[in-house]
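Take a look at the structure set out below.
Bear in mind that the values in this text are calculations on the coordinates, not laboratory data. Because the structure is predicted, anything quoted here is derived from the model rather than measured. Cβ sites come from the backbone with ideal geometry, for glycine too, and all protein chains shown count toward neighbours.
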Amino acid sequence: MSKNPIIVFEGIETSGKSTSLKNVIKYLKKNKIKYITFREPGGTILSEKLRSLMLNKKSKLNNKTDLFLLMASRSENIDKIIKKNYKKKVILIDRFVDSTLAYQHYGMGFDKRLILEMNNFLLGKFKPNFTFLSIVNKKNMLNRLKLRKNNNKYDNFKYNFYNKVQIGFLNLANKKKSKYLILDSNKDSLKIIENKLINKIKKILK
């Protein structure tokens, strides 16, 4: 694997995805490994503005508009973040191309081929080297959502939507088993998950 890989963190809301990312950042800092991180939607200054438009709870944008804004955000990130740091630093991404397939195809029903073609057009040679997928069950997810102080538009769907998205993620993971590690926040403690993460990161960076 590349000395400075592109590593992605995926999962539905409250699955533990962001916590996993923070643990990896802590490990890289401790070991003085150069890295850069960004989230999607979001990233560049423009991409963060697009994120605000998409996730605003009062947003009236339709799902097609959200898809195009997401792709616009990704285009900016590839041009201004990934190209600049590719093979120079470890690139950590909070949601990336598989999130678009999971949410927009499996969750919202958009044509899979369309999303794949859009992603391929934008990415070119830049492909994720490894993905950590965090999963969560219905009970834990709903309980954790209640504790969130700042909900956005994507925190307010019915559970059936999130279930379809998570099934989509698992389908994607099963097709790329060698490049995915599933982290189950339902059965493993935070410490066990952190140990699995760090052990895998060590192997990836060898």
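What to note about this one:
- Mean Cβ neighbour count within 10 Å, used as a protection proxy, ranking 90-100, 178-188, 25-35 highest first: 90-100, 178-188, 25-35
- Cα gyration tensor category, rounded, prolate or oblate, for segment 62-142 with a/c compared to 1.5: oblate
- With the simple model of a label 7 Å out from the Cα in the direction of the Cβ, SER18 to LYS112 spans 3.0 nm.
- Label-to-label distance for LYS200 and ILE33 is 1.3 nm, based on points extended 7 Å past Cα in the beta-carbon direction.
- Kyte-Doolittle at least 0.5, axis length at least 18 Å by Cα - qualifying DSSP helices, the chain: none
- Rounded if a/c under 1.5, otherwise prolate or oblate - segment 1-145, Cα gyration tensor axes: oblate
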